[in-house]
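The values are calculated or read from the model by the stated rules, or taken from the named source; none is laboratory data. Small disclaimer: the values here were computed from a predicted structure and weren't measured. A quick note on method: Cβ atoms are made from the backbone with ideal geometry, for glycine too, and the neighbour counts reach across all protein chains shown.
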Amino acid sequence: MIRYEVIPLDGIEDKVVAHVPREVKVTVTASPAKGLDTTLAVSEHLALEGYQVVPHLSARLVRDGAHLDEIVARLAQTGIREAFVPAGDAVEPGQYPDAASLLRALRGRHLTELGITGYPESHHFISDETTISAMFEKAPMATYIVSQICFDTATIAWWVGAVRERGTALPIWIGVPGVVDNAKLLRISTKIGLGESARFLRAHRAWLKRLITRSFSPEPLMRGLQPLFDDPAAGLAGLHVFTFNELERTERWRREAVERFSAAA
């Protein structure tokens with residue numbers, strides 16, 4: 001199973017329709033710069049095009065209960081029944097300062113699937129202790145976990161094991177980058193911060209710049225993660241691909257990977 005995350009920039013709806021088959025679920029990010037209205041508008045457009053869509057409802061971007069009522073009504077009208085609920089990075093939050101508070105407010109609404117974030121590595125401005133305790137506070141109110149990007153398969157495997165040892169049985173989507181230029185991945189990863197992965201990228205900035213004409217591919221990560229996907233105890237749901245809107249190349253990789261798997265089977 002695979003799902004694509006897209007950023008709601010101009011023209012993204014046309015890119016999705018041009019390159020993404022309807023059977024691939026699409027998630028739409030949110031940011032303080034764009035606001036939730038942009039996320040909702042793109043989500044509604046894609047839902048009307050026949051896609052299963054998952055808007056990101058960043059808790060700190062929801063002003064108050066009335067705003068939440070409006071958001072939920074818009075989603076219901078378009079038939080969207082799933083949302084991903086991160087805390088978000090807005091400096092000044094509204095009524096919901098974190099994901100847990102928004103998840104509590106969403107109880108009993110029409111949304112049947114709610115995702116939360118997991119961090120195999122350190123968050124760029126939240127302590128490990130906080131992210132760990134927050135995930136287990138949110139888990140009873142959610143239906144799945146999406147991991148932040150990590151480039152180290154051993155770290156991912158350790159983290160999945162730690163989640164299971166703590167008693168959380170929610171399905172986990174493993175977050176990986178799609179096919180994206182190394183320079184773009186370097187720029188975005190160091191900007192948002194990805195724990196040891198971000199430190200690795202910063203330390204090897206000159207090396208990566210020499211590879212500027214090349215692209216990152218999730219293929220090596222996938223090979224390293226295969227034992228984890230084969231382990232029923234890991235409870236993995238599939239891949240959550242951070243496409244950075246590089247949809248054509250990422251979808252080409254997915255199709256080729258499916259063909260290789262089918263031929264091997």
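Taking (1) in a helix (DSSP H, G or I); (2) within 19 Å of the chain's Cα centre (by Cα); (3) over 18 Å from residue 245 (Cα atoms) in turn, residue 32 satisfies each apart from (1). Of the candidates 72, 54, the single residue that is on the phi < 0 side of the Ramachandran plot and in contact (Cβ under 8 Å) with a residue 40 or more places away in the chain is 54. In this structure, does residue 153 turn out to be touching a helix residue (DSSP H, G or I) at 6+ places or on another chain (Cβ under 8 Å), surrounded by 16 or more Cβ atoms within 10 Å (Cβ to Cβ), over 30 Å from residue 109 (Cβ atoms) and at pLDDT 85 or above? So residue 153 fits the description; yes. Of the residues making up region 1-29, those that are among the acidic types (Asp, Glu) and assigned to a helix (DSSP H, G or I) number 2.
Screening region 241-261 for residues that are touching a Ser or Thr at 6+ places or on another chain (Cβ under 8 Å) and within 18 Å of residue 174 (Cα to Cα) and picking the one that is surrounded by the fewest Cβ atoms within 10 Å (Cβ to Cβ) gives 253.
Here residue 87 fulfils each of the conditions (1) modelled with pLDDT under 95; (2) more than 16 Å from the chain's Cα centre (by Cα); (3) in the same structural domain as residue 36 (by TED's automatic domain parsing) apart from (2). Any idea which residue in region 167-203 is modelled with the lowest pLDDT, counting only those that are touching a Leu at 6+ places or on another chain (Cβ under 7 Å) and of a type in the set (A, V, I, L, M)? Per the stated criteria, the residue is 201.
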